[in-house]
Amino acid sequence: MIPATATPESLVGRVALIRTTDRLQGVRRALDLLDINPVEGRTVFLKPNFNSADPTPGSTHTDTLRALVERLSAMGAQQITLGDRSGMGDTRGVMQAKGVFDLGSELGFETIVFDELGAEDWVPADAPGSHWRRGFSLARPAVEAQAIVQTCNLKTHRFGGHFTLSLKNSVGLAAKSVPGVGYNYMTELHNSGDQRRMIAEINATYSPALIVLDGVEAYTSGGPDVGNKVEAGIILAGVDRIAVDAVGVAILRQLGTTAEVRGGRVFEQEQIARAVELGLGVAQPEAVTLLADDADGRAYADGLRPILEGAGE
């Protein structure tokens, strides 16, 4: 279990929503609006979306990463370490293609390639009532950090996840396989009819200090690497993964998305429903509070409310 303090009650369900096409300014505005500092004096593990090196929203945009690292440093983070495990390519190659190592040198953060971790660097974990046959293992650098910050994208997932937002982004913290064990956890995940519940279960092991979702562009079908790309013009920030993902699903529905993402109530989506069962955030759409800092954002948030609370298809 990753050490974490409980999310303060005042932050549960709060999601900052910024209408913008400028990622640098959008991230800064979202964090100003959220008005929290969960990283001062702490070691921070930063989880991006480097499943592949495909252009955003296939992977984390450099501007989003830059704005987030600069703000975490200004907040007084003691040390920032970025790490990931790519599911669609060699992680070192993906990070090299995205310029992560050069950016780390420029901005002063450490980088870790999970593919290169030894057996001792993976920590066995599981969740209550787990659908994982053998549990899963988490990267020790994340487990031992004092705060986990993640940045995800706005997109659908054609390989059974249905959508990949903050809950799905946590899958990159888990091992594909542990050296010397000879078991492929990701094969189990992707072949399971419980895949979406299993995604939520990885999240039961930690509480994020901060989430930033880059929805300036979105995949409304396809994904996670390539898909039907649209200009969505949104940045979200919060600490409640259920609230962030529920708002993300509502935005995908507003944009026009797949039958799987449109179906049923937002909180009936299996990733979200299982996360609710595990107590990872708000339990109902009425508990989601959308924050905006201008008239455009407030109008957009008002338009999402009936989608968020509606019956879906």
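The values are calculated or read from the model by the stated rules, or taken from the named source; none is laboratory data. Bear in mind the structure is a predicted one, so any value in this text is a computation, not a measurement. Positions of Cβ are generated from backbone atoms using ideal geometry, with glycine treated the same way; all protein chains shown enter the neighbour counts.
Overview of results
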item	result
Options 271, 284; residue that is surrounded by 22 or more Cβ atoms within 10 Å (Cβ to Cβ) and either within 19 Å of residue 201 (Cα to Cα) or at pLDDT below 95 (or both)	271
Count - residues of the range 83-97 that are more than 15 Å from residue 173 (Cα to Cα) and surrounded by 22 or more Cβ atoms within 10 Å (Cβ to Cβ)	2
Residue match in the range 92-111 (condition: of a type in the set (Ser, Thr, Tyr), within 22 Å of residue 155 (Cβ to Cβ) and modelled with pLDDT of 95 or more)	no
Residues satisfying the stated conditions in the range 221-241, i.e. over 17 Å from the mean Cα position of the chain (by Cα) and touching a residue at least 40 places away in the same chain (Cβ under 8 Å)	221, 222, 226, 227, 229, 231, 232, 233
Count of the range 264-298 residues which are of a type in the set (Asp, Glu) and within 24 Å of residue 31 (Cα to Cα)	4
Residue count, the range 255-297 (criterion: assigned to a loop (DSSP other than H, G, I, E, B), over 18 Å from the mean Cα position of the chain (by Cα) and within 30 Å of residue 192 (Cα to Cα))	8
Counted residues, the range 174-202 - those being more than 14 Å from residue 114 (Cα to Cα), touching a strand residue (DSSP E or B) at 6+ places or on another chain (Cβ under 8 Å) and without any contact (Cβ under 8 Å) to a residue 60 or more places away in the chain	1
Filter pass, residue 64 being modelled with pLDDT of 95 or more, of a type in the set (Val, Ile, Thr) and under 20 Å from residue 237 (Cα atoms)	yes
Condition check for residue 276: touching a Ser or Thr at 6+ places or on another chain (Cβ under 9 Å) and β-branched (Val, Ile, Thr)	no
Filter result (surrounded by fewer than 21 Cβ atoms within 10 Å (Cβ to Cβ) and in contact with a helix residue (DSSP H, G or I) (Cβ under 9 Å, 6 or more places away or on another chain)) within the range 222-232	230
Residue in the range 70-82 that is surrounded by the fewest Cβ atoms within 10 Å (Cβ to Cβ), counting only those that are farther than 20 Å from residue 56 by Cβ and in contact with a helix residue (DSSP H, G or I) (Cβ under 8 Å, 6 or more places away or on another chain)	73
Condition check for residue 264: modelled with pLDDT under 95 and of a type outside the set (Lys, Arg)	no
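One line per residue, one yes/no per condition, for (1) surrounded by 24 or more Cβ atoms within 10 Å (Cβ to Cβ); (2) closer than 24 Å to residue 207 by Cα; (3) in contact with an Asp or Glu (Cβ under 6 Å, 6 or more places away or on another chain):
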| position | (1), (2), (3) |
| --- | --- |
| 19 | no, no, yes |
| 22 | no, no, no |
| 25 | no, no, no |
| 28 | no, yes, no |
| 45 | yes, yes, no |
| 49 | yes, yes, no |
| 63 | no, no, no |
